[in-house]
1. Just want the answer: with Cβ charges of +1 for Lys and Arg and -1 for Asp and Glu, which residue in THR223, MET153, PRO42 is farthest toward the dipole's positive end in the chain?
2. What is the extension gain from ASP55 to ALA182, computed as 0.36 nm multiplied by their sequence separation minus the C-alpha to C-alpha distance, in nm to one decimal?
3. Between GLU201 and THR31, what FRET efficiency comes out of the Förster formula 1/(1 + (r/R0)^6) with R0 = 41 Å and r the beta carbon distance, rounded to 0.05?
4. Cα axis of helix 43-55 to longest principal axis of the chain: angle in degrees, 0 to 90, nearest 10?
5. Amide H to amide H, which residues 5 or more places from ASP112 or on other chains are under 5 Å from it, using H placed in the peptide plane?
6. Roughly how many percent of the accessible protein surface of the chain is carbon and sulfur, given a 1.4 Å probe and a whole-percent answer?
7. Taking a ≥ b ≥ c as the square roots of the eigenvalues of the Cα gyration tensor of segment 173-245, is the shape rounded (a/c under 1.5), prolate (a/b larger than b/c) or oblate?
8. Suppose each label sits 7 Å from its Cα in the direction of the beta carbon; what would the SER87-ARG159 distance come out to in nanometres?
Amino acid sequence: MATATEKPQHRSTMRVLDILETLANASGGLTMAEICREVGAPKGSLSPILHTMADTSYVAYDDATKRYSIGLKTYLLGKSFDRESTSMSLFMAAMRGVTNACGETCQLGVLDHGRVLYIAKVDSPQPVRLTSSIGKTLPIHYTAIGKVLVSEMGEADVRAMLHEPLERPTQATVRSADEFIAQLDKVRREGFAYDREEATEAVQCIGVGIRRHGVIEYGLSVTTPSYRMGEEKQLRIKEALVRAKRHMERALA
């Protein structure tokens, strides 16, 4: 039952949104059975929704592979946001400045249902670079952006976003909520968050928080292969992130 401060959600609408989010996070598309499993709904409920979305080009269906993926109209909706959002245009300019300064991939993310949602990216010009996708979500506990986004939240709120046992994609990933909470104390003191091969082996990230009206609303990070993360590169990345942070916060003020 919805509380006085919560509005009841329309089930069919939520399923459309769940389908779009699921497909956005899937590389190579998904079959009907895979979508049903990911969304947690029976085929009888999702089949007419998917067929309608495919008929209207919001999802694409490949007859050969029997897989669904994001459709042309959904893509065009996203591009219209890019065109209309002045803030996003300013953000992208600042992110390009970061990549030009340090030669590495720059990403922007926000908090979405206790996970990091990546909303913008500027690729590194280097031949060896991070491969990631806008619209993808990752847990907060092993990403630099996730750490800065929750660094100033209350401990109880942060713990509510963690589900133990924690997912550990590498041996460097934190093992417990207590260990993660301890990391956040360091983030608050230093102003930077780190992913030292916690999400992907041989890949590191440095992140900073972007404030709006005094509250951290965005996370900005630079990602690089570990073999390129020397002391000089780390200093250059931090300087570039701080410059971008100031520029973006002025744009949001």
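1. Positive-end residue among those listed: THR223.
2. Roughly 40.7 nm would be gained on extension.
3. 0.90
4. Here the helix axis deviates by roughly 80 degrees.
5. For ASP112, whose amide H was placed from the backbone, the distant partners under 5 Å are LEU117.
6. So the carbon and sulfur contribution to the accessible surface is 52 percent.
7. Oblate, because a/c is 1.5 or more while a/b does not exceed b/c.
8. 3.2 nm
The values are calculated or read from the model by the stated rules, or taken from the named source; none is laboratory data. Here the structure is a predicted model, which is why all the values come from computation and not from measurement. Every residue, glycine among them, receives a Cβ derived from its backbone with ideal geometry; neighbour counts consider all protein chains shown. In case anyone asks, the SASA skips ligands and DNA or RNA and just uses the protein heavy atoms, side chains included. Shrake-Rupley method; radii C 1.70, N 1.55, O 1.52, S 1.80 Å.
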